[in-house]
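See structure below.
All of the numbers you see were taken from the coordinates with simple rules; none came from a lab. Please read these numbers as outputs of a predicted model, since none were measured by experiment. Here Cβ is always computed from backbone atoms with ideal geometry, including for glycine, and neighbour counts include all displayed protein chains.
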Amino acid sequence: MIGWLCRRLMIMLMAFVGVFFLTFFLIHFLPGDAFLNEQSLPEASYNELRHHWQLDEPLSVQLSHYLGLIVQGDFGRSMVYPDWTISEIILNSLPISAFLGFCALCVAVLLGIGTALLATLWRHDLYLVITTCIVSMPVFLVGALFQYLFAIEWEWFPVARWGSWQQMVLPVMTLAIAPGAFMGRLLYVRLRAELKEPYARFVESKGLSDYAILFRHAFRNACSPVIAYLGPLTAQIATGSFVVEKIFAIPGLGQWFVLSVMSRDYPLIIAIALLYSLILMTCVLLSDLAALWINPRYRHALFRGVPT
Amino acid sequence: MIPLLELESLSLSLGSKILLNRLTFSLFPRQRCAIVGASGSGKSLTLATIGRLLPRDFPWKPEGSIRWNGEELLNMPKERFRKIRQGGIATVLQESMSCLNPSMKIGKQIAEVAQKICPTEWLEAVGLPRNLQYCFPHELSGGMKQRVVLAIALASKPRLLLADEITSALDTHSQEQIIDLIDRVCSDHNIALLLVTHDFSVARALCADTLVMYQGAIVEQAATSKILDLPQHFHSRQLVEAIFL
Amino acid sequence: MKAVVGLILLAICFFLVCFGNLISPYSYDAIDLMARNEPPSWQHLFGTDDLGRDLFTRVAQGLRLSLFIGCVAAAIDCLIGVVWGASAALLGNRIDTLMMSCIDILAAIPYSILTIVLLVVMDPGIISVIAALVVSGWITMARLMRSHVLTLVSKEYVISARLVGAGFFRVLFRHVLPNSVEIITTTLLLTIPQAIFLESFLSFLGLGVPPPFASLGRMVQESLSALPYFPWRLLIPAAWISIAMLAFNLIGEQWYEKLECRNDSLT
């Protein structure tokens, strides 16, 4: 297990190096070429940016300087909003996005697991059809529909912005519904497979009720892939947040990322891309670790040093 | 004396195919009966029908009657049947190796059969060490898992044990041990036994009576020793001859 | 049942794509400032947008683009994935480990960040969008193909072919590929909706195919501010993306279930 962990960390490191080089390559669009096609920057800001990223130096110096900047977290000022440093932008908007994402994660997990358990009890394959339909709806359709129906037409919730709990409902639901449906379907299929296993029949012959069989036995064994899915789920929520924050005008990191991409604000793009990569990679690693932990075989292999 | 278990013209069909053909026999308390036959003769299906363990999407159309202590089992409501499972009929199926939940400790799996059960008591009854209750199934050998499954079946204090091919997947030494164990346990706790096996030697070791099944019907029903000496039906003859090969 | 619904939906999409332009008397970029923001009616089946352009024609055009990009990207993904996965499984331990490590590293990078950053760098256009979609989409196919081929490799006919001295390509084309058709088609059918979604997502962010090409995602983004007043401008293109995705998802799943049942009944 330690070996597995080391290998995963190495892979994460190499992937981060990949992102590092990719974003480094991006910064080379500053000097001129892309500029002439996009907005024109005042001479002073242009020079300041070139100086900050040391673009006049040889390549090796640039690379090490870039690494130093990342480690310190100093990305300078935004190109499009020169009054703000990038650190300020990120520190202001990251908590909002993190909170939105966390709420959406909780709702998605609860919805997914809850509906899957109910559907298994009632044995309705209709559940699979419903989840397929939900998963096929792109996040902007869901967001726009929710906003139009619940906020504009029926006026149950505020249309946009962030602050009160009423404003939280629609964005969180939009973000949570598709990943929740996917997770629910994953769990449902696993539960049905577990209930066909020999031990499920044996437990039934012991005289346990359907609920006990489901919750105490089948669920535990079906959990592993569901927990492993939590990592990609976070990635899905992060991607969805770009859209949701735009639709509901939430001043979060996703909205800034979309803005920076549309206006080609390279320093900001780089900073947010690196940050998202780090967060998402960590989440995937943690969820894989948790999924392994749940399985007693692997847990024992770790503690007793016995190869499985 | 009312029979513990009584089958009367039990038939099971799937579409036009007849799987079980008018089975009729009775089992009295403490009686041990083996059901012997080749693969596909319907033995496991009979046990599964009695214990209501057919797969859920099976087009379940049994006809006839199964009576437990005089009570009709076939149309019994689920809740009532659960009570019978908890104190009357215990089942040990094929594939006992995978009958245990891989992510739950052995002690807990034994304990959940009923309230106030002491797992160590039943582990000792099947000849296993006490500290096994803290282990997971993957740490046990095949023979040990078989005993645990037996312990779980016994912990509900049944009056009838339905056992399906419990020795098939074991090596000869473990087979003998399990046969001795079941013999001792059934005598000690006054449990009737309905044992399904394709091996006549196991039937001879454990059961006084035998039913021979062929293509879904009971073709011979007599004391085990009598069938071994003088098999009447041609299929019984085939099975008896197989022992001496 | 599911596949039938899926096929019907797909047929509707294809009908719209092929004949939409022919049925409609308007061109997709014909501006008519007198008919701005009109709701769906008999003159304009899906209504008009901000510049008076007929939405029916634009949706037909955008759907054609989405389906084209989605199918082409998914096909290239599957091709790369099949070759990579099969090679990894057939070429032995060292090369296998190397190839799979490459995949693991690439898979660790969040695909949305990767695609977005790539598109920021490249010139906008259909080829760039397809290239960006392809970059991270082939991983699933590669992994599936590799585990499938690993099970095949231990089967007798492959072993005997190798013993007779069959070369790599012979084994690949004669033995491996014909037995992998099912897994390839299933994955392809389920990759297409993801590609369609990703393409519309990128267009929504302004990174897709540039105007005046009508892209469904871009139409959605342009209509965001108009949602309270002219909801059809956003809801109709978004719904069509959903219909296309749903069609492929239903067909793909039904196909997968059929294969599962067949495998189950064999065992």
**Request:** Just need the Rg to Rh number for region A:93-246, please, alpha carbons only, Kirkwood Rh.
**Result:** 1.06
**Request:** Would you mind checking region B:74-101 for residues with the amide N under 20 Å from a putative spin-label position 7 Å along Cα→C-beta of B:Asp171?
**Result:** B:95-98
**³J(HN,Hα), Karplus 6.51/-1.76/1.60, whole Hz, each residue of region B:126-135, x for Gly, Pro** = 9, x, 10, x, 5, 6, 5, 5, 9, 9
**Message:** Please list, in order along region A:225-234, the HN-Hα scalar couplings obtained from phi with the Karplus expression 6.51 cos²θ - 1.76 cosθ + 1.60 (θ = phi - 60°), rounded to whole Hz, x for Gly and Pro.
**Reply:** x, 5, 5, 5, 6, 4, x, x, 4, 4
**Asked** What dipole magnitude, in Debye to the nearest 20, does region A:86-303 give about its Cα centre under +1 on Lys/Arg Cβ and -1 on Asp/Glu Cβ?
**Response** 720 debye
**Item:** Relative contact order (%) - criterion: Cα under 8 Å, at least six apart; region: chain C
**Value:** 27 percent
**Asked** If each of C:Ile23 and B:Phe234 carries a label point 7 Å out from its Cα toward its Cβ, how far apart are those two points in nm?
**Response** 7.1 nm
**Fill in**
For region C:181-267, the convex hull over Cα atoms projects on average to an area in nm² of 7.0 nm²
**Request:** Can you tell me the relative contact order of region C:1-157? Whole percent, Cα pairs under 8 Å, sequence separation 6 or more.
**Result:** 21 percent
**Asked** For C:Met219, C:Met1, what's the fewest-to-most ordering of other Cβ within 10 Å of each Cβ?
**Response** C:Met1, C:Met219
**Request:** Could you rank the peptides A:169-178, B:69-78 by their average count of other C-beta atoms within 10 Å per residue, with the highest value first?
**Result:** A:169-178, B:69-78
**Fill in**
The answer for the longest stretch of chain A without any exposed trypsin sites (Lys or Arg not before Pro) (DSSP loop, at most 14 further Cβ atoms within 10 Å) is A:1-122
**Request:** Summarise the partner chain shielding of B:135-144 as one whole number: the mean count of Cβ atoms from other chains within 10 Å of each residue's Cβ.
**Result:** 2
**Prompt:** So for A:Asp265, C:Asp50, B:Asp171, fewest C-beta neighbours within 10 Å to most, what's the order?
**Reply:** B:Asp171, C:Asp50, A:Asp265
**Request:** Give me a single rounded figure for A:10-16: the average over its residues of other chain Cβ atoms within 10 Å of their Cβ.
**Result:** 5
**Message:** Just to be sure I follow the definition: excluding the sites themselves, where is the longest run in chain C that has none of the trypsin sites (Lys or Arg not before Pro) in a DSSP loop with at most 14 other Cβ atoms within 10 Å?
**Reply:** C:37-154
**Request:** Amide H neighbours of B:Leu193 under 5 Å, at least 5 residues apart or on other chains, H built in the peptide plane: list them.
**Result:** B:Gln31, B:Arg32, B:Cys33, B:Leu161
**Fill in**
Mean per-residue count of partner chain Cβ within 10 Å for A:141-151 equals 4
**Prompt:** How big is the antiparallel share of DSSP beta bridges in the protein assembly as shown, given as a percent to the nearest 5?
**Reply:** 55 percent
**Prompt:** Taking the Cβ-Cβ separation of A:Ile130 and C:Ala226 as r and a Förster radius of 35 Å, what is the calculated FRET efficiency to the nearest 0.05?
**Reply:** 0.70
**Request:** Please list the non-local residues whose amide H lies under 5 Å from the amide H of B:Thr167, H modeled 1.01 Å from N, same-chain partners needing a gap of 5 or more.
**Result:** none
**Request:** Before anything else, pin down the relative contact order of chain B: Cα pairs under 8 Å, at least 6 apart, normalised by residue count, whole percent.
**Result:** 27 percent
**Complete:** Scalar couplings 3J(HN,Hα) for region B:102-108 by Karplus 6.51 cos²θ - 1.76 cosθ + 1.60 (θ = phi - 60°), nearest whole Hz, x for Gly and Pro, are x, 10, 10, 5, 4, x, 5
**Item:** Cβ-derived FRET efficiency at R0 22 Å, C:Leu91 paired with C:Ile127, nearest 0.05
**Value:** 0.10
**Request:** Mind sorting A:Cys6, C:Cys13, C:Cys102 by how few other Cβ atoms lie within 10 Å of their own Cβ, fewest first?
**Result:** A:Cys6, C:Cys102, C:Cys13
